[in-house]
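Enquirer: Dumping the structure here so I can ask a few things about it.
The values are calculated or read from the model by the stated rules, or taken from the named source; none is laboratory data. Being a predicted model, the structure only gives us computed values, none of them experimental. All Cβ positions, even for glycine, are placed from backbone atoms using ideal geometry, and neighbour counts span all protein chains on display. For the accessible areas, the whole protein counts, side chains as well, though only heavy atoms, and no ligand, DNA or RNA atoms are used. Shrake-Rupley method; radii C 1.70, N 1.55, O 1.52, S 1.80 Å.
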Amino acid sequence: MASPPPSPLTTNSAASAPPDTSNKPAAPPVNILPTQLATTYSYIHPAALLSAFAARFPALVNDPVSEMAQQLPFLALAHVAYVMICLPAAGSSDSATTAAAATPTSPSTPTIPSASSTGTTTGSTTNGNVILRPGRVGRRRTKDSSSSSSSTASAIRGRVVASLLSLTLTTLLATPVLSILLILFGAPFTTHHAQTVLCAAHMAILSSLALVYVHGVDGSVWKEVWGAKRPGDVVWGGALGTCVGAWLGAVPVPLDWDRPWQAYPITLLTGAYVGFVLGSVLGRSVLFGKRVRFEEGEDVKKVD
């Protein structure tokens, strides 16, 4: 007995229903570029920042405004070099490569057997030659050195442009936002304006420059960033560590210890630098790939 045809209402409602996003694949974490230079400099950069800050700490205590203003260009230059050398730019081929490397391969994915495993000689090599088919040998094609150099120059130029645009957006957007947040969290409103802006500029470079360089201006990605839905990585860990470190660094300011280093915003800036280094280390090690989940009906945060 034939089944009745589907109702037009059911068909139309199924066609107009929004797509199911519950099975949307998780965004992969951002990894350091797979080069020896990137791996080495990713460890040198945070250690050098913290060492330079410790060396200049007495000058910071004596004159916070002048010292923060003098060190800001060097911090920007060092962080621009860091993102160019170690991180994939948004929308680049490096970004796709690191995302593919971070995404696990499904066990059900079939593998294509190689020529050596099947016993055929097609595509095999002999003394630098390529055997196209039995009885006919062709020379291996080599890449043109001029095209290779031009592609390398184009990639470097793209990274420079992306890093400068990220620095511009960080300066124009992140610095004012962090200045307002510092005031809302208790910074002086009618005084210490230079200290607040300079401290916010240092925090913006530490926390936001790499985020803008890696994620670009994609609104959906930034919703995940602000909603703490991104997986742990070196970029997100450094940004979160900067903010948490500055927040904890504000604790000694109201205490009446009468120490010169308690003056605003010395302890906040110190906490930001220390938090950036610790967050970067934890983001690329124990917290890499993990995310915080907020389940309905529970007040406890669970980490995958």
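Enquirer: Sorting 202, 215, 192 by accessible area (1.4 Å probe), largest first, what list results?
Expert: Per-residue accessible area, sorted high to low, gives 192, 215, 202.
Enquirer: Provide 276, 189 ordered by accessible surface of protein heavy atoms (probe 1.4 Å), highest first.
Expert: Descending accessible area places them as 189, 276.
Enquirer: When all protein chains stay in place, what accessible area (Å², nearest 10, 1.4 Å probe) is found for residue 165?
Expert: Accessible surface of residue 165 is approximately 110 Å².
Enquirer: Dipole size in debye (nearest 20) for segment 166-304 around its Cα centre, Lys and Arg Cβ +1, Asp and Glu Cβ -1?
Expert: 280 debye
Enquirer: Just read off the accessible area of residue 213 with the full protein assembly in place, 1.4 Å probe, to the nearest 10 Å².
Expert: Accessible surface of residue 213 is approximately 0 Å².
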